[in-house]
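Every read-out reported here was derived from the displayed coordinates using simple, explicitly stated rules and does not represent laboratory data. Please read all numbers here as calculations on a predicted model, not as lab measurements. Glycine gets a Cβ as well: all are built from the backbone with ideal geometry, and neighbour counts include every protein chain shown.
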Amino acid sequence: MSSRATAVLFACTHNAVRSPMAEGLLKHLLGHRIYVDSVGVRPGELDPFAVAVMDEIGIDIARHQPKSFDELEDDSFDEVVSLSPEAQHRAVDMTRVMACDVIFWHTFDPSMIEGNRDARLDAYRQVRDQLIQRIKTHFGVTPMANL
């Protein structure tokens, strides 16, 4: 499937891990051709492990400021991609009167993993790599793209 969206919103629970990672990935891959933003149901604090695993692949999300649906400056999106069940419910509610597709990519929350630093980083890497594959497939990014 290749999306023809020109404006995409990624949503998760706190806009601290999954949605900022997805936003950074899509901006890296197609940022010159598509508008990308992200939100959470409730804003949290940007997760340093998310920043670290994105930095490993050359994408800097350190300046990301988590925000909620209520803080969106623009709600003109072609697609909202929800990454958690809670975000899916909020996205469906937000788009009831909009011509917008809501897509659900159930994505594991790596912040739930306990253990040493290496074990936790591995969980974040798995989520990052899963998001890379989903984004490339959904948005028709060629395998030769830089990631």
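With an 8 Å cut-off on Cα pairs and a minimum separation of 6 or more residues, tell me the relative contact order of region 14-119 in percent.
Numbers: 136 pairs, mean separation 27.8, N = 106.
26 percent.
Let me have the 222 nm mean residue ellipticity of the chain computed from DSSP H runs of 4+ only, each contributing -39500 (n - 2.57), with the sum over all residues rounded to the nearest 500. Mind dumping the intermediate values first?
Numbers: 4 runs with 53 residues, N = 147.
Per the formula, -11500 deg cm²/dmol.
Please work out the C-alpha center-to-center distance from region 49-70 to region 80-147 and express it in whole Å.
What the calculation gives is 13 Å, centre to centre.
I need the calculated FRET efficiency for the pair H106 and R4, taking r as the beta carbon distance and R₀ as 22 Å, to the nearest 0.05. Show your work: numbers first, answer last.
On the way: r = 23 Å, r/R0 = 1.07.
Efficiency, from the Cβ-Cβ distance: 0.40.
Once amide H atoms are placed 1.01 Å from N in the peptide plane, what residues at a sequence separation of 5 or more from V36, or on another chain, have their amide H within under 5 Å of its amide H?
V8
With Cα extents along the principal axes in Å as the read-out, I listed [x] 54, 33, 18; [y] 46, 35, 25; [z] 49, 30, 26; which label goes with the value calculated from this structure?
[y]
For region 12-25, in order, what is each residue's ³J(HN,Hα) by Karplus, 6.51 cos²θ - 1.76 cosθ + 1.60 with θ = phi - 60°, in whole Hz (x at glycine and Pro)?
Along region 12-25, the couplings run 9, 6, 10, 6, 10, 9, 5, 5, x, 5, 5, 4, x, 5 Hz.
Per 0.36 nm of contour for each residue apart, how much would the distance between R63 and H32 grow if the chain were fully extended, relative to their Cα-Cα spacing?
On the way: separation 31, 0.36 × 31 = 11.16 nm, distance 1.93 nm.
My answer for the length gained is 9.2 nm.
Full-extension gain between E56 and Q130, please, as 0.36 nm times their residue separation minus the C-alpha to C-alpha distance. Could the numbers behind the result be given before it?
Numbers: separation 74, 0.36 × 74 = 26.64 nm, distance 1.52 nm.
Fully extending the segment from E56 to Q130 adds 25.1 nm.
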